[in-house]
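Notes to accompany the following structure.
Here, each number is a calculation from the coordinates, and none is a lab measurement. Bear in mind that the values here come from a model prediction, so they are computed numbers and not experimental data. Note that each Cβ is placed from the backbone with ideal geometry, even for glycine, and that neighbours are counted across all protein chains shown.
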Amino acid sequence: MTTRLRKLDLILDTITDGVLVVDSQGVVLYANQAAETLLARNPLIGQSLAIPVNPDKSSHQDINLIRPNGLAWAEMRSAPIEWDGQPGYVIALRDITERKHMELERQKFVSLAENSLDFIGICDMNLRPFYINEAGMRLIGLDNLDQCARTPIQEFFFPEDQRFILEEFFPRVMREGHADVEIRFRHFRTGAAIWMMYNVFFIKDSTGEPVGIAIVSRDISSHKEAEAALRKADQHKDEFLAMLAHELRNPLAPISNATHILDMLKLEDTRLNWAKDIIKRQVKHLARLVDDLLDVSRIARGKISLKKERLDLVDVIKSVSEMAHGFILAKQQQLDVRLPEQPIWMEGDAVRLAQVVLNLLDNASKYSPEGGRIEIVAQQVGAESEIQVRDNGTGISAELLPTIFDLFQQGTRTLDRSQGGLGIGLTVVKRLVEMHGGEITASSPGTGLGSTFSIRLPTLNEGITFPTPRSSSSRPSTVMRTVDDDSGPNGGTGFLLTADSR
């Protein structure tokens, strides 16, 4: 008999559930190791426990256990037993503290969920859904929780998105504990797409281990519709700008031709010369605005391409600096050009790079006072070239700096708008620099303290060679024809082409 009891003790000590035998007064007559661990008492035999038992029959209930390290929950089963000739009870205890904590958290979650208008759901760690709040079921067309539990989680999404959800999104949740994405839910009744901000995170137990997955999703369909409307409006805006620039360019050509013809006529009346010069200046200014409009619309629609070739950036800057002397000297400003003696080789479009630098110099001149100082500095920095255009002009406020390259953005203006422009030049500059694989930044100590624009562009390895275009020693005779659907520019152009021979 003693051997059998030892074997029984050995068996009971290997199980994880606590097993107790108590007398009718609650004094412990027997306890296995799991019981001592669960109740945090050792030795347990001989101690009196206040455990509720049914004196006449078996019972099953969840009870609170008070332990030195806090409260715990146990599932208790008890039954009457005779132990060593006296009545008592055998009690089995299973630790359900973790489950109770999860149930409490779930109850809190469900209580919040039922009062929410968002889609809120819970699934287990195997991605099997078992709860969706009422608002969520209405949103996606589910009838009840039974239907929810029968629906694999991938079925909530469109077929083309299911692979992403199973193979990319949820593996990221498992690695990081949370993830979110904008994705379409499928309405189970109508099949309609519902754009949602899908936010998923772990539900954890008291030890920090994940025991479930919570889903909180917000309907962003109206937001997506507004985005689509904005994209369409932006596309219409680009098309309108392109059409406007084209239509503005048509009348400028004959006006410009007419001023050149007036130059050839050598007018003696000073008033006519004065009027002609005004027309020439304003036509040139309008042409510049139209060119900017055309460039920004072409870039926005992806209809501009670069004619790249091997070039020396130093030569480009020298050429642009000579072109800029006219408008800089007109305001009695000083231009300081500092360039390295050795060339800076890069692959780029010489015309577009010249446009970038000229635009920055023009901008510096516009926003600098008469007699102001403008600097342009270029240097090689590792595998990149750096160009800086600095001025001591009006500067850029801290509020304007983050949006200085945005379309139609302008600095502080006077009431007469004497500096002109549409606020699109810097947008064109930024996009042309990016098309060359570079970046541009703006900085300023503040209003009235000048500004600096810095460009970084990739350079070429000196060992790389490019084929040079062949030049022909003889030129064939050329016949030129002017074609235009507007007789104004066509007639003026023809007159200019034949004027020297008359």
For GLN333, the residues 5 or more places away or on another chain with a placed amide H closer than 5 Å to its own amide H are GLY371
Rounded to a whole number, the Stokes-Einstein D of the range 37-196 in µm²/s (Kirkwood radius over Cα pairs; 20 °C; 1.002 mPa s) is 108
Taking alpha-carbon centroids only, the range 22-41 lies from the range 308-352 a number of Å equal to 92
Note: probe point = Cα of LEU71 + 7 Å toward Cβ; backbone nitrogen < 11 Å; residues of the range 81-116 passing the test are 101
Whole-number value, in Å³ per residue, for the convex hull of the alpha carbons of the range 17-106 is 87
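Please report the relative contact order for the range 2-95, taking Cα pairs under 8 Å with a sequence separation of at least 6, and give it as a percent rounded to a whole number. Present the calculation step by step, with values, prior to reporting the outcome.
Details: 173 pairs, mean separation 25.7, N = 94.
Computed over the range 2-95, the figure is 27 percent.
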Taking a crude spin-label model, label points 7 Å out from Cα along the C-beta direction, the MET243 to ASN199 distance in nm is 4.3
Contour minus Cα-Cα span, GLN334 to ILE11, at 0.36 nm per residue, comes to 106.5 nm
So ARG94 and THR207, fully extended at 0.36 nm per residue minus their Cα-Cα distance, gain in nm 38.9 nm
Distance in Å, no decimals, from the C-alpha centre of the range 55-103 to the one of the range 147-210 is 39
So, with points 7 Å from each Cα along the Cβ direction, the GLU155-ARG231 label distance in nm works out to 3.1
Fewest to most Cβ atoms within 10 Å: PHE453, PHE202 sort as PHE202, PHE453
Long-range amide H partners of ILE96, meaning residues 5 or more apart or on another chain whose placed amide H is closer than 5 Å, are TRP73, ALA74, GLU75
If amide H atoms are modeled at 1.01 Å from N in the peptide plane, then the residues at a separation of 5 or more from GLU309, or on another chain, having amide H under 5 Å from its own are GLY348, ASP349, ALA350
Two pseudo-spin positions, 7 Å from Cα along C-beta at ASP143 and at GLU168, lie apart in nanometres by 3.5
